[in-house]
Amino acid sequence: TKTIEPEETMDTAPMQWNKAKALMIVGDDEEILHEVVTLFLDQYEKKNKELQSAVESADLESIKNISHTLKGSSGTVGAEVLQQLYYEMEMAARNDPNFAFAQTLNKILEEAEAVAKILNRSLHEGVI
């Protein structure tokens, strides 16, 4: 969870899960959102393992590509904090080979698990 800095407001700080944004992206179609979230939940662990392997082998091209893909899927489901973390990883792979990839990966893995719990609970409770 992101700490809100004094100059930020709740309106501008990224959210762990922004259902309204996700709905807007899928044209306010609850069925499509349900499908997109289900697909995300089916694939995020596998893709994060691929990202972890890329980080361990310092494969900047793979880090960039996998992060880019996960940034998009995170944004589509409204996982704003996670999307930002993938963005940071992607940009670092493009521009800063000395970036703390392992540290950011740990943040990503924690955030992804938190988001997955929220999304799974929302599916189970019929929220989406």
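For this structure, a couple of remarks:
- Taking the Cα centre of the chain as origin and assigning +1 to Lys and Arg Cβ atoms and -1 to Asp and Glu Cβ atoms, the resulting dipole is close to 220 debye.
- Take Lys71: with every protein chain present and a 1.4 Å probe, its accessible area is about 40 Å².
- Cα gyration tensor category, rounded, prolate or oblate, for the range 24-128 with a/c compared to 1.5: prolate
- When the charge dipole of the range 28-127 is built from unit charges on Cβ atoms (+1 for Lys and Arg, -1 for Asp and Glu) and taken about the Cα centre, the candidate among Ile63, Phe40, Ala79 whose Cα reaches farthest toward its positive end is Ile63.
- For the range 39-128, GluC sites (Glu not before Pro) meeting the loop criterion (DSSP other than H, G, I, E, B) and having at most 11 other Cβ atoms within 10 Å: Glu125.
The values are calculated or read from the model by the stated rules, or taken from the named source; none is laboratory data. Values in this document were obtained by computation on a predicted structure and should not be read as measured data. Here Cβ is always computed from backbone atoms with ideal geometry, including for glycine, and neighbour counts include all displayed protein chains. We work out accessible area using only protein heavy atoms, side chains counted, and drop any ligands, DNA or RNA first. Shrake-Rupley method; radii C 1.70, N 1.55, O 1.52, S 1.80 Å.
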